Each structure stands twice: as C-alpha cells, then as structure tokens.
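Worksheet: the structure to be examined is printed underneath.
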C-alpha cells in the first residue's frame with residue numbers, strides 16, 4: 001500500500017454522533033489497512049459508514065459520491081482480473 005498514507009483526521013464535531021463514530025471507525029480501519037499492508041478494508045466497515053450516512057438526507061450527495069467510487073473500484077478490479 002505504498003500509494004496510501006495514514007490519515008490523521010477525525011470526524012467533525014458538528015456531525016451527528018453516530019455518523020462521527022462511523023467515520024472515525026472507517027478512518028481507523030483505513031489506517032490499519034495501510035499499516036499492515038492489507039489489500040482492502042473489511043466490507044462491514046464500509047457498509048456501516050454508508051448505512052449510517054444514508055440516515056441523513058443532507059449528506060446524500062456525499063453518500064452518492066462514495067457509492068460511485070465503490071462502483072468504479074469494483075469495475076476496475078473486474079478489468080484487472082479479466083486481463084491477467
């Protein structure tokens with residue numbers, strides 16, 4: 001994971017508490033992925049972040065952008081497997 005560096009951030013305090021926890025947990029898992037050179041963050045953490053965020057319509061644009069990123073990542077992995 002040479003292309004990634006640990007993130008030293010926390011969720012903003014103005015966010016709803018459950019969203020803060022979901023974001024902070026996701027960031028912690030990202031840092032674990034980087035530290036131990038893992039290939040990905042376990043799906044449960046991503047699912048928890050997306051599910052929690054979906055409870056807040058005001059963050060719908062961010063949620064949709066995250067989902068687009070995940071779709072693109074899945075599509076790129078599929079291309080890599082097909083060409084190997």
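The values are calculated or read from the model by the stated rules, or taken from the named source; none is laboratory data. Just so you know, these numbers come straight off a predicted model, no measurement behind them. Cβ coordinates were reconstructed from backbone atoms using ideal geometry, including for glycine residues, and neighbour counts include every protein chain displayed.
Flag not set for residue 22, criterion: under 24 Å from residue 64 (Cβ atoms) and free of Cβ contacts under 8 Å to residues at least 24 places away in the same chain. Listed here are the helices (runs of 4 or more DSSP H) enclosed by the chain that have at least 3 residues being surrounded by 10 or more Cβ atoms within 10 Å (Cβ to Cβ), at pLDDT 95 or above and in contact with a helix residue (DSSP H, G or I) (Cβ under 8 Å, 6 or more places away or on another chain): 17-35, 43-53.
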